[in-house]
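The values are calculated or read from the model by the stated rules, or taken from the named source; none is laboratory data. Because the structure is a prediction, the values reported are computed rather than measured. So basically every Cβ, Gly included, is an ideal-geometry build from the backbone, and we count neighbours across all protein chains shown.
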Amino acid sequence: MHQPSPQSYWLASAPAFTGAAEGGPEGHVDVAVIGGGFTGLSAALALRDKGASVAVLEAGQVIGEASGRNGGQCNNGTHQDYGALVASLGRETAQAFYRAHVEAVDRVEALVQAHGIDCGFRRCGRLKLAAKPEHFDKIARAYELLKAEVDPNVELIAPERIAGEVGSDKFYGGLLQTTSAQLHPGRFGIGLAEAAAAKGARIHENAAVTGLMRGSDGRWTLTTPRGALTASQVLVATGGAPIQKPFKWFQRRLVAVGSFIIATEPLDPALIARLFPNGRNYVTSRVIGNFFRLAPDNRLIFGGRARFAISDAKSDVKSGAILIDAMRRMFPELAGVRVDHVWGGMVDLTADRLPRAGERADDRRGLFYAMGYSGHGVQMSVMMGQQMVRYMDGDIAANPWEHLDWPAIPGHLGKPWFLPAVGLWYKLQDILH
């Protein structure tokens, strides 16, 4: 019996990283970046472009966590409904946040072009699919508001047109954001790492930061099992990856939730033409929904929360079975298609699903952070790596999230014990709405 690989398809099909620094961390750098995902690598490249010395300290392998385990969708728009953002934050702030996400996709494309990264970047459009007839009414209202106020590149797909977009009878229209894109995150991440290393960034793999202390001279000492170094500034870019003891402050403000994905065998082109004629990014309108797209080699990448749990070997297998069932119910023609990869990763969620970035206060001055992308990290992490370099250099306006409060989540000490209850609540919302 065929057993799917537990490795992320993106990581399995990416080239090896050849630019890792030899030896352990040592000496002094202008900036130490903690985390070798898209945020940290983008920041390292931007730092070298301005002439700053930089060391990236990655606990495992570059892009080994969320950056190499996502759905590969590079979408415009915030997770929160734009109208809800207007109601809670005001029109001006809501527009700024939405436009930041649009700009983030442009930043990814610019890096791909500037460094010749072969990652299949393509402006395919993101189609939000109405999973119930009543969901289309809400989508139509969202379309009118977006079109009028913040995004001219949206299109409403009426129910009678949805068959021309996706070969499933489970959907009742949709909202198309035409400038959203997709890429191979494994190839993109390795390309980003190679570009940063080629410009002189020291990228240390297997170098988890176990100690972080600020001296009386204002310099930071960062300790790893492979050595230690000092830095004038530190950027924490760990995202939803397991966080070591020095970073408990962040852990109390983020909820790391498992996101699970399967990858099929390559599909027949005739089948693709029937099911996914335009090859877009797709996401369903349910609270516990699914997302899917085609990989460059015609595999279907199909994911979702599946279970409100952390990602580990057992959880990934259980979640994979749920996803396979969901995929086959959505697309009965895929019933006999082999699944080659089943994997999971951790998404770092904030309470309001908006990113957080800034500088720690008081005795933590010089310690900066950017994280909490809440499922929009492919594009936002890349832009925030660049923006934080400007912010660390004194340009406060470079940080779109500067004025957002970030209190600890009540009762949350790091381990998300409440996930099962949250999952039950979301399931109830899907039933009721």
With the condition kept exactly as written, say whether any residue in segment 401-412 is under 20 Å from Y98 (Cβ atoms), buried (at least 22 other Cβ atoms within 10 Å of the Cβ) and either out of contact with any strand residue (DSSP E or B) (no Cβ under 7 Å at 6 or more places or on another chain) or at pLDDT 90 or above (or both). no
Segment 110-136 residues that are more than 30 Å from A196 (Cβ to Cβ), paired with ones that are among the hydrophobic types (A, V, I, L, M, F, W, C) and in a loop (DSSP other than H, G, I, E, B) (beta carbon under 8 Å, 6 or more apart): L127/V166; L129/V166; L129/F171; A130/F171; A131/F171; F136/A130
A295 vs (1) under 16 Å from C74 (Cα atoms); (2) surrounded by fewer than 22 Cβ atoms within 10 Å (Cβ to Cβ); (3) in contact with a Phe, Trp or Tyr (Cβ under 6 Å, 6 or more places away or on another chain): all pass except (3)
Considering only residues of segment 338-356 that are part of a strand (DSSP E or B), more than 15 Å from W10 (Cβ to Cβ) and not hydrophobic (A, V, I, L, M, F, W, C), which is modelled with the lowest pLDDT? D348
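Yes/no matrix, rows are residues, columns are (1) surrounded by 15 or more Cβ atoms within 10 Å (Cβ to Cβ); (2) touching a residue at least 12 places away in the same chain (Cβ under 8 Å); (3) within 22 Å of A104 (Cβ to Cβ):
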| position | (1), (2), (3) |
| --- | --- |
| S13 | yes, yes, no |
| G51 | no, no, no |
| V54 | yes, yes, yes |
| E58 | yes, yes, no |
Could you check A326 against (1) under 16 Å from the mean Cα position of the chain (by Cα); (2) surrounded by 16 or more Cβ atoms within 10 Å (Cβ to Cβ) and say which number it fails? (1)
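Out of P246, P266, which single residue is assigned to a helix (DSSP H, G or I) and not small (G, A, S)? Spell out how you get there, then give the answer.
On the way: P266 fails: assigned to a helix (DSSP H, G or I).
Just one listed residue meets the conditions, P246.
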Could you list, in sequence order, all residues of segment 188-226 that are under 21 Å from the mean Cα position of the chain (by Cα), surrounded by fewer than 21 Cβ atoms within 10 Å (Cβ to Cβ) and not in a loop (DSSP other than H, G, I, E, B)? E194
So, of the residues in segment 120-138 that are under 12 Å from Q177 (Cα atoms) and among the aliphatic types (A, V, I, L, M), which turns out to be surrounded by the most Cβ atoms within 10 Å (Cβ to Cβ)? L129
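Taking the condition in a helix (DSSP H, G or I), farther than 24 Å from P225 by Cβ and under 18 Å from the mean Cα position of the chain (by Cα), does S88 pass? Show your work before the answer.
On the way: in a helix (DSSP H, G or I): yes; farther than 24 Å from P225 by Cβ: yes; under 18 Å from the mean Cα position of the chain (by Cα): no.
It is false that S88 is in a helix (DSSP H, G or I), farther than 24 Å from P225 by Cβ and under 18 Å from the mean Cα position of the chain (by Cα).
Of the residues that sit in segment 142-166 and are in a loop (DSSP other than H, G, I, E, B) and surrounded by fewer than 18 Cβ atoms within 10 Å (Cβ to Cβ), which one is nearest to the chain's Cα centre (by Cα)?
Narrowing segment 142-166 to residues in a loop (DSSP other than H, G, I, E, B): 150-153, 158, 165-166.
Remaining after also requiring surrounded by fewer than 18 Cβ atoms within 10 Å (Cβ to Cβ): 152-153, 158.
Values: P152: 24, N153: 22, A158: 29 Å.
Of everything passing the filter in segment 142-166, N153 is nearest to the chain's Cα centre (by Cα).
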